[in-house]
Structure formats: C-alpha cells, structure tokens
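Data block below; observations after.
The values are calculated or read from the model by the stated rules, or taken from the named source; none is laboratory data. What you see is a predicted model; the values in this text were computed from it and never measured. Positions of Cβ are generated from backbone atoms using ideal geometry, with glycine treated the same way; all protein chains shown enter the neighbour counts. Remember, those area values only see protein heavy atoms, side chains included, never the ligands or the DNA or RNA. Shrake-Rupley method; radii C 1.70, N 1.55, O 1.52, S 1.80 Å.
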Amino acid sequence: MAKAKSLNGKDLMLWIGGKVIALSTSCKISLAANTVDSATKDDGFWDAAEIGNMNWSATNESVDSADKDRTNDYVYDMLFDLFVAGDPLDITVGFPTNASNDGLPEAGWTIPTKGMYQGKAHITALDRDATKGSNASVSVSLTGYGALKKVAATE
C-alpha cells in the first residue's frame, strides 16, 4: 500500500455565498458533539454518555486589503456588512476547482463543485488587527446554523 498523500494547507479555502475571502492565510473547520448523561444503575460505576446534538464552526484568517472594489472575493468592509445584517449565510469549505501553484487565477478562485463541505452559518466574530510593522489582518468566525453536509468527490 502506498503512503498517503499529504494535504497542502494553501488549497483549503472558505467561500461565503460563492465568494472566497481575499488574501486568505488560513482556514479551519471544527465539528463538535455535545453529550447527555444517559447512565442508569444498570451501567454501574461508569457514565453512559450519548450524543445529544452536534455543532460546527469555521474560521478564516487573511491579510487585510485596502481594495474595496473587489468583485471575486470579500474584504473587511464587505464582511462587516454581512456581519451586521445577521442573516445565515451559505458556506462552502473545500478546494477551488482551479487550484494551482501559480497563484491567484485572473478570474479568481472558483468555488468547488465536489469534495467539499456546505452549510449555513452566522458570522459570530469579525476582527481587524493592524499592528505596527506588520500586515493588517482580518479574522472571521462563523457558527453553523443547522447541518454541515459533505458533498462527495466523484472521481
């Protein structure tokens, strides 16, 4: 059996409503299960936890951009508008269909069509950090609204 191929972190991206976040440096998706105690005297000394519900979240870090006229991706001011609107957003986490080692394609990163995760989420935190001597950054945190679904690759 051949060695498993490693996943390159540069390729995993987060899309909100079909647009990726500009100048992304990291993307993270987290799943968690909350348990409820179902132990009875029949279980003896040990707990007998069961899954009560599940939740998911996603975060993205990026270099801040002063370019407010973006059409293919989001910058801070656009994320701010989505945050204050408070509506659930369509989220996709996966690999762009036009992923390459040559940098950003002319038309921008294309949302995946397979092998991704999709759901709805609220932006629950939005940070802008501008430390002297380094690039300004933007951090966005999203909390899932309902199920996160895996869209299988068909290769």
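General remarks:
- Hits in the stretch 110-123 - residues which are touching a residue at least 40 places away in the same chain (Cβ under 8 Å) and open to solvent by 60 Å² or more (accessible area, probe 1.4 Å): Lys114, Tyr117
- Qualifying residue in the stretch 94-102 (condition: modelled with pLDDT under 95 and under 15 Å from Ser57 (Cα atoms)): yes
- The lone exception for Asn135 - which of (1) open to solvent by less than 80 Å² (accessible area, probe 1.4 Å); (2) of a type outside the set (Val, Ile, Thr); (3) over 15 Å from the mean Cα position of the chain (by Cα) it fails: (1)
- Residue check for Ala33: surrounded by 13 or more Cβ atoms within 10 Å (Cβ to Cβ) and either modelled with pLDDT under 90 or more than 30 Å from Ala99 (Cβ to Cβ) (or both): no
- Total residues in the stretch 86-103, condition farther than 20 Å from Gly18 by Cβ and under 12 Å from the mean Cα position of the chain (by Cα): 0
- Test: residue in the stretch 8-23 that is open to solvent by 70 Å² or more (accessible area, probe 1.4 Å), over 14 Å from the mean Cα position of the chain (by Cα) and not aliphatic (A, V, I, L, M): yes
- Residue match in the stretch 62-75 (condition: open to solvent by 80 Å² or more (accessible area, probe 1.4 Å), of a type in the set (Phe, Trp, Tyr) and free of Cβ contacts under 8 Å to residues at least 60 places away in the same chain): no
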